[in-house]
Ligand SMILES: CC(C)(COP(=O)(O)OP(=O)(O)OC[C@H]1O[C@@H](n2cnc3c(N)ncnc32)[C@H](O)[C@@H]1OP(=O)(O)O)[C@@H](O)C(=O)NCCC(=O)NCCS
């Protein structure tokens, strides 16, 4: 690389770094353009839930500014408390079937499936790459009949990375689902479960004093 192209490369990287840090700090033209683009999406007027999901899963989930992203999730129909954050790259199905209480963290690349209804209580941590699944097809049905089931994750529960929660399951208050668990039965309150399929490992302490404060700045 000659001296001129090296200087140009250094200058472009520096410009990109300044632009990104301004964007992350919520300053400058980048933020304004994103906000202007976000304001153009007429969510309340979109009738087809698949169009809503498409916009959420291609554009909204890639917005690195949590306040703009969360505002769009709300306008799309997710009932989510202002103290909670859905981190980047979530995959949403049927936004209007999803309710998330206060002080929750939904980690990156997590699937939130509202087809059968998904209710997450207060102070719940859902780590990255968790799957909540709201429906399936009956295995032996001639018509591959679809059925849905509501997933409920109660207050103070903790779901670790890559856990999968199947349709119709309730994860009880204060329960802890270990990493990579496959949860196909209700989880009793204040128990730790893990494995495939998930089984009780032990009780979890009921003395929970933390409150998750994540919103609005984390990506
Ligand atoms: C559950 C977890 C916290 C370990 O809890 P712990 O109380 O320290 O458990 P231990 O390591 O003492 O293990 C207790 C038993 O559970 C088993 N176990 C632990 N984690 C397990 C898992 N993810 N799946 C299946 N079994 C597991 C252990 O093998 C052990 O079994 P044994 O008694 O038969 O040997 C940990 O495994 C885990 O899942 N961490 C989450 C990581 C993560 O997602 N981080 C991001 C969160 S924001």
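Where a number appears in this text, it was derived from the coordinates with a stated rule and is not lab data. From a predicted model like this one, the values you see are computed outputs, not experimental measurements. Neighbour counts run over all protein chains shown; Cβ positions are idealised from the backbone, glycine included.
In deg cm²/dmol, rounded to 500, what helix-only [θ] at 222 nm does the chain give when every DSSP H run of at least 4 residues adds -39500 (n - 2.57) and the total is split over its residues?
-8000 deg cm²/dmol
What ranking, highest mean first, results for peptides 142-153, 53-64, 166-177 when packing means the other Cβ atoms within 10 Å averaged over each residue?
166-177, 53-64, 142-153
Express in nm, to one decimal, how much length is gained between residue 185 and residue 37 on full extension, taking 0.36 nm for each residue of separation and deducting their alpha carbon distance.
Additional length available on full extension: 49.0 nm.
Roughly what % of DSSP beta bridges within the chain run antiparallel, to the nearest 5?
Bridges in the chain that DSSP calls antiparallel: roughly 20 percent.
Between 0 and 90 degrees, rounded to the nearest ten: what's the tilt of helix 28-39 against the longest Cα principal axis of the chain?
Here the helix axis deviates by roughly 50 degrees.
Using a Gaussian network model on the chain with a 10 Å cutoff between Cα atoms, which of 201, 120, 52 fluctuates the most?
For the chain, modelled as a Gaussian network with Cα springs under 10 Å, the answer is 201.
Relative to the longest principal axis of the C-alpha atoms of the chain, give the angle of the C-alpha long axis of helix 66-76, reported between 0 and 90° and rounded to the nearest 10°.
Helix 66-76 and the main axis of the chain meet at about 60 degrees.
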